[in-house]
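The values are calculated or read from the model by the stated rules, or taken from the named source; none is laboratory data. Fair warning: this is a prediction, and the values are worked out from it, not measured in the lab. Here the Cβ is made from the backbone with ideal geometry for all residues, glycine too, and neighbour counts use every protein chain on show.
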Amino acid sequence: MNASQSTTSSTKTPSTVRIKVKRQDRPDTDPYWQPFDVPFVANANIISCLQQIASKPVTADGRRVAPVAWDCNCLEEVCGACTMVINGVARQSCSTLLHELVSDGTGTTDEPIVLEPMSKFPVLRDLFVDRSRMFNNLKAIKGWVPIDGTTSLGSGPKEDQASQDMRYALSRCMTCGCCLEACPQFTFDNDFVGAQVIGQALYFNMHETGAELKDDRLEAMEAPGGIADCGNAQNCVKVCPKELPLTEAIASVGRQTTVHAIKSFFTGK
Ligand code: SF4
Ligand code: SF4
Ligand code: FES
């Protein structure tokens, strides 16, 4: 019995679900599609479906193939590693539940659940992409708090509640890449840094000690591919799974870079 047949039963619960996976054997080879049928398990996430496929890598038409490769780590929507495009939307495969997709009408043989790698990062294999560009951008803005050593420095300076609230919201970024997948300005052939690192520049600039590197961060933001390349379409804020205040971050870092550029013009520093 296939998924589309079983959904006509009185329970409307399929016994199997059809998943179509966009595969790619190596970074330099062409992608291709393969369908798989997996048992329907309520509350299962997409990663457990991929584990099912890995345990028995046989396509829906009975061909034994190499197991599908994907990336994951925390399994609780914290690390961002498992992000992929599921039914056309970039999201985390650890927190995307099978029954929600099935109740939206996908998972049948005619309308399978579709899994693709994110399109804005190089594919290493199948659904596993190389997110280094994001981490390199974090290095470029010095996305850290400078301290002299590992000994206790005592309690830090006091921080007002509004600043704490903003920094907490920004701290939730998991470098997943959803904002970059949705951003029309972030492409393979340019250097735009995207909303993720702009948010983190603000996060560290707002920290009392992190602000020691504020000028360096703003210089990175003023460089080619920096904040001036943001088209302000605000796709990023709509798709961020952690609901970071990216619009406010872009506006705030934009103001900081303007002030910094004027100051540099007059002081020569
Ligand atoms: S506002 Fe638009 S152009 Fe700017 S980072 Fe967000 S999606 Fe990209
Ligand atoms: S800002 Fe949001 S969408 Fe972008 S990488 Fe961070 S958590 Fe993901
Ligand atoms: S495995 Fe970490 S976010 Fe999904």
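Looking at GLN164, GLN185, GLN200, which one is among the polar types (S, T, N, Q), outside any helix (DSSP H, G or I) and either away from ligand 1 (no atom under 11 Å from the Cβ) or over 17 Å from CYS79 (Cα atoms) (or both)?
GLN185 is the lone residue from the list that is among the polar types (S, T, N, Q), outside any helix (DSSP H, G or I) and either away from ligand 1 (no atom under 11 Å from the Cβ) or over 17 Å from CYS79 (Cα atoms) (or both).
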Does THR109 satisfy the criteria of being in a loop (DSSP other than H, G, I, E, B) and outside the structural domain of ARG26 (by TED's automatic domain parsing)? no
Can you confirm whether VAL193 is near ligand 1 (Cβ under 10 Å from one of its atoms), within 21 Å of the chain's Cα centre (by Cα), aliphatic (A, V, I, L, M) and part of a helix (DSSP H, G or I)? no
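From the list GLN185, GLN256, GLN196, pick out the single residue that is within 12 Å of ligand 2 (Cβ to nearest atom) and not assigned by TED's automatic domain parsing to the domain that holds SER119.
GLN196
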Counted residues, region 45-62 - those being in contact (Cβ under 8 Å) with a residue 24 or more places away in the chain and among the charged types (D, E, K, R): 1
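Please specify each residue of region 152-169 satisfying the condition of being over 19 Å from LYS242 (Cα atoms) and surrounded by 11 or more Cβ atoms within 10 Å (Cβ to Cβ).
Listed by number, the list holds a single entry, GLU159.
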Restricting the first residue to region 200-220 and requiring it to be free of Cβ contacts under 8 Å to residues at least 12 places away in the same chain and at negative phi, which pairs with a second residue that is part of a helix (DSSP H, G or I) and of a type in the set (S, T, N, Q) meet a Cβ separation below 6 Å and a spacing of at least six or different chains? ALA211/ASN205
Quick test for you: out of PHE204, PHE266, PHE186, pick the one residue that is buried (at least 21 other Cβ atoms within 10 Å of the Cβ), out of contact with any strand residue (DSSP E or B) (no Cβ under 6 Å at 6 or more places or on another chain) and farther than 26 Å from SER119 by Cβ. PHE204
Inspect region 75-83 for any residue being away from ligand 2 (no atom under 16 Å from the Cβ), of a type in the set (Asp, Glu) and surrounded by fewer than 21 Cβ atoms within 10 Å (Cβ to Cβ) and give the result as yes or no. no
Selection within region 167-182 - of a type outside the set (Lys, Arg) and either assigned to a loop (DSSP other than H, G, I, E, B) or within 16 Å of ligand 3 (Cβ to nearest atom) (or both): SER171, CYS173, MET174, THR175, CYS176, GLY177, CYS178, CYS179, LEU180, GLU181
Filter result for the condition that a residue is surrounded by 17 or more Cβ atoms within 10 Å (Cβ to Cβ), within 16 Å of ligand 3 (Cβ to nearest atom) and in the same structural domain as CYS176 (by TED's automatic domain parsing), over CYS240, CYS236: CYS240
Are any residues in region 203-234 modelled with pLDDT of 95 or more and either among the acidic types (Asp, Glu) or outside any helix (DSSP H, G or I) (or both), and if so, which ones? MET206, ASP215, ASP216, GLU219, GLU222, ALA223, PRO224, GLY225, GLY226, ASP229, CYS230
Which residue pairs have Cβ atoms under 6 Å apart, sit 6 or more places apart or on different chains, and have a first residue in region 68-79 that is assigned by TED's automatic domain parsing to the domain that holds ALA90 and a second that is within 16 Å of ligand 2 (Cβ to nearest atom) and among the hydroxyl-bearing types (Ser, Thr, Tyr)? GLU77/SER95
Considering only region 43-64, how many residues are out of contact with any helix residue (DSSP H, G or I) (no Cβ under 9 Å at 6 or more places or on another chain) and either part of a loop (DSSP other than H, G, I, E, B) or within 16 Å of ligand 1 (Cβ to nearest atom) (or both)? 7
What is the number of the single condition among (1) exposed (fewer than 13 other Cβ atoms within 10 Å of the Cβ); (2) within 16 Å of ligand 2 (Cβ to nearest atom) that MET118 does not meet? (1)
